[in-house]
Every structure is written in C-alpha cells, then in structure tokens.
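To start, the structure itself, in structure tokens.
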Amino acid sequence: MMKEIRWMLLFCITASLSVLAQGTGGASVPQGTTVIRAGTLIDGNSDSPRRDQVIVIRGNRIESVSDVSSAKIPVGANVIDLSGATVLPGLIDSHTHIFLQGEDPSQGGYDANILKYPLALRAARATVSVRRALEQGFTTLRDLETEGAGYGDVGIKEAIEGGYIPGPRLFVSTRAISTTGGYPLEGYAPEVEMPKGVQIVDGPVEARKAAREQLDHGADWIKVYMTHRSWVGKKGELVSQPTLTVEELKAIVDETHGWQKKIACHAYSGIGLHRALDGGCDSIEHGLDLDDAAIAQMLKQGTWYCPTINVYYTDWAPAGTPAGQRDRKRASVHEQSFRKALKAGVKIVFGTDMGGIPWTEPIAEEFPRMVELGMSPMDAIKSATSRPAEMLDMTGQIGVVAPGAYADVIAVTGNPLQDIKELGRVGFVMKDGKVFKNEVK
Ligand SMILES: [Zn+2]
C-alpha cells in the first residue's frame, strides 16, 4: 500500500517538474537549481565578510559563489532574494542531547525519563528537539548520548536521512560509557539493580567491548564520562570524582581510532581531566577547570575544547548550600578556563548541552557568553561552522558557503559581527538545498 502511494507521489512530482521545465524554456535549466542573492556573506572560512554575493545551488550542493557583477545566473533558476540580509553557513552545535528535555524535578526529573517514559514517547519528543534545532539554523548536531534511550539517536538520524522528519545532520554517539559509581540512576536501595543512563564498564576488556558494541550499532563518535560528581574542596577548589582509569580509556580510544572514529570526553577537572588527556581523547567536553598543564597538553595533542558555558548558569541551587557553592564555583572557574584556552589558542568549538537546557530555550544563547568572555564575533561564528567541520572530518563539506559544500545556508536580517545576538534570530534556513524556513523580509 505504502509503496503504491510513494510511486504515485513520485509520478506526480516528476510530471510537475517536467511541466515546470517546459514552462521555463526546457532543457537549459537543470532541475533543482536555486540561486541565493546574499547582501552580505560570512562564508565560515574567511575572516572578512563579502558584499553582494550570488550563490548557485544545484541539487543539495553549492556549485559556485561569486560577486553579483560577474555572476552568471542560470535562466529560470529559482531565485531567493536575501540581498537585505547576512548569509552564513548552517550552524553546528557540537554538544547536544536530543533525548533529554531539561527534565523538571517537580515532574520526576531525570529518573522519570528513564523509569516511566516509554521509548516511543522519548523518540517522539526527540523529533521535536531536532526540528527546533533546524528552525534555529542549526543544520548539524553532534549529539552526545541518549541518556538511557539506547540507540534511539541512530533511529532519529535514519528518519531524518530518509526524509520522514525534518532535522539537522546528526553525528551520534549512542549510549556513552562510564564506570560503576559513575552515572545515574543512583541513590536507590543497593538491593535494587537500577538501569543506568550510560553503558557501565569496569576494566579495559569491558571498556573495549562497549566501544565495539556501540560502533557496531552505528555510533559516529564514542562519548566517555571521565568525571562524575563534583564539589568544592577544602581549599575552595573544584573537585571532581574520576571514573575510568587511563588503561580503560586507552582501550576505548585504541578501538575507536581503529574504526577511524573519535572520542568525546566529559571531564570537569583534576585527575579525571588529566586521565582524559593522557588516554588520548579527541575532545574535552565542559573542561570547567583547565590548569596550565592541561592546556599545554591540549595544544600539543590538538585536542578540541567544547566548553558549553551557558548551561552552567542555569538552575543554580540556593547560595548557602553545598550544591549552591558548587554551582557558583563551576561557573567562575569555567570562565577563567575559557579565557586561558582562548588566549593559548586551544581549538574551541561551540556546544550548548541542549537537552540539559529545555529545547524550548534558544540555542544561540551560548554565542553572547563566548563573546563576553573575549572571543571575537567572527571566531564565535567559526566555532559553530568551519571549526567543528574540521573536528567532524567534514572540512569543505559543512560549515562553509563555498563550491562543493552541502547547501546548508542560513540568514539573519541584522549584522552578527556587530551584535552576536542576531544569531538568535535566524530567519532563513536551507538544508541540503531545501528551504526549511524563509521569514526574511
Ligand atoms: Zn552533555
């Protein structure tokens, strides 16, 4: 039944396309040619914006980018006029959780998500998360684990690629890995075996096996938790409980690199952070307290830094409590770490931890945080375009408006180089050459 409907649809589309082609002068117009007139183009690579550009798109790829004076606009092409707007590559958020919804403690919080909600409900909500991301101009996400929803991210990715639901390109990491005592659900009677938000391993053999399983079932990246609980120590420092040993992590890294894939390490500070670097992590997630040795090692090893600043300003516990002190300490050391890393030239990518923040909140809130801490608006834009493209081994394919790249293009009315908050008002979104949203006046 479904098959017949699909063939009917295909027939109708083909028929109407051929009518269109005839109406516009026949074979000289290749099917699916779109031209964007860009008032200003920030292409993701170049340090300087260019005025009055013409972007020719054929199918799902960018064919050419040129000055309007020299541009050859194919006759009969679909022209999108963004001559009053700033055009940029589709944005990349390198740290999200499409299967989390900023769980409200009054509704059972994180635990209810795993204990009470059917997987189908969680998947349905994830389809809303990915749609929200696309609406806001994020055409690629690196999604860093499903929090108990198994390989659901692989399914959502397949649904997007199959055209069943709208959403960004996904780089998924499936279940993630930590150790015994290293992840919720926790705080229940020891007699009860509780499900966990990650795959728990102890020892290098189990660690390698978990990586193999996750890679086998579709993980594009492996996510490892190198620290878990954190608190303020006796000297007022941020202390983090370490999880995997270097030997355990090395087994995961060795296995994953063999598959030509990479490892993202959640690491706050101290022992766990240094084990992450000694074990050969490709990206440090959060990196709240980067000491000088950590920064030097990141530079030497070419480790990426995905700081996720904004999420540490949400939901602080009351000031006088231990949790409240910890929350404030996290934010203050994080600011210093970001400034130091920026100054030292560590490779920084834009990430938000959306899902930890409800998907109803604006994703672009992270941009002004980065700029307030000293990053230039152009570098902030690159941290969400060409830089993560490099991290994802997609240089020239995404995060750039240039010939040969996928046609992932967005636009804002204002100038984000003057006010980075403009990136929170994306009015035009194209992914893979298809217009998803056009509200630019
Ligand atoms: Zn996260």
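Once the other residues with Cβ under 10 Å from the Cβ of Glu248 are scored (Lys, Arg +1; Asp, Glu -1), what is the net sum? Intermediate results must be reported in sequence, preceding the final value.
On the way: positive: Arg208, Lys250, Arg275; negative: Asp202, Glu206, Glu247.
My count for the surroundings of Glu248 gives 0.
Using alpha carbons only, the radius of gyration of the stretch 62-139 set against its Kirkwood radius gives Rg/Rh = 1.24.
Helical runs (DSSP H, four residues minimum) scored at -39500 (n - 2.57) apiece and divided by the length of the chain put the mean residue ellipticity at 222 nm at -10000 deg cm²/dmol.
Heavy-atom accessible surface of the chain, averaged per residue, reaches 44 Å², computed with a 1.4 Å probe.
Looking at the chain only, what percent of DSSP beta bridges run antiparallel? Nearest 5 please.
Values: 31 of 65 bridges.
Once the DSSP bridges in the chain are tallied, antiparallel ones form about 50 percent.
Annotation: lysines with alpha-carbon distance below 17 angstrom to Lys235 (same-chain offsets under eight excluded): Lys329.
Taking a ≥ b ≥ c as the square roots of the eigenvalues of the alpha carbon gyration tensor, the stretch 289-401 is oblate, as a/c is not under 1.5 and a/b does not beat b/c. Each part gets one Cα centre, and for the stretch 240-256 versus the stretch 60-133 those centres are 32 Å apart.
So, with a 1.4 angstrom probe, what is the percent of accessible area on the stretch 107-250 that is carbon and sulfur? Numbers along the way, then the final one.
Working: 3440 of 6250 Å².
With neighbouring chains kept in place, the figure for the stretch 107-250 is 55 percent.
Dipole of the stretch 354-431, Cα-centred, from +1 at each Lys and Arg C-beta and -1 at each Asp and Glu C-beta, to the nearest 20 debye? List each step's numbers first, then the result.
Values: 6 positive and 10 negative charges, 29 e Å.
Charge dipole, the stretch 354-431, about its Cα centre: 140 debye, nearest 20.
Entry note: the stretch 193-300 has Rg to Rh equal to 0.99, where both radii use alpha-carbon atoms and Rh is the Kirkwood radius.
In the chain, the longest principal axis of the Cα atoms and the axis of helix 292-301 are about 50 degrees apart. Once the cut-off is 27 Å, how many percent of the Cα-Cα pairs in the chain end up in the long-distance tail? Percentage above 27 Å: 55.
Separation of the stretch 215-235 from the stretch 344-389 is 20 Å, based on Cα centroids.
Under the convention that each Lys and Arg Cβ holds +1 and each Asp and Glu Cβ holds -1, the size of the dipole of the chain around its Cα centre is about 720 debye. Taking a straight line from the alpha carbon of Lys209, these lysines sit under 26 Å away, with near neighbours fewer than eight places off in the same chain left out: Lys157, Lys196, Lys223, Lys250, Lys261, Lys262.
Peptide packing for 49-57, 267-275 was compared via the average number of neighbouring C-beta atoms within 10 Å per residue; ordered from the highest value, the list is 267-275, 49-57. Using a probe of 1.4 Å on the protein chains alone, the accessible area found for Glu158 is around 120 Å².
The values are calculated or read from the model by the stated rules, or taken from the named source; none is laboratory data. Just so we're clear, the structure is a prediction, and the values are computed from it rather than from any experiment. Cβ coordinates were reconstructed from backbone atoms using ideal geometry, including for glycine residues, and neighbour counts include every protein chain displayed. SASA here: full protein model, heavy atoms, side chains in, ligands and nucleic acids out. Shrake-Rupley method; radii C 1.70, N 1.55, O 1.52, S 1.80 Å.
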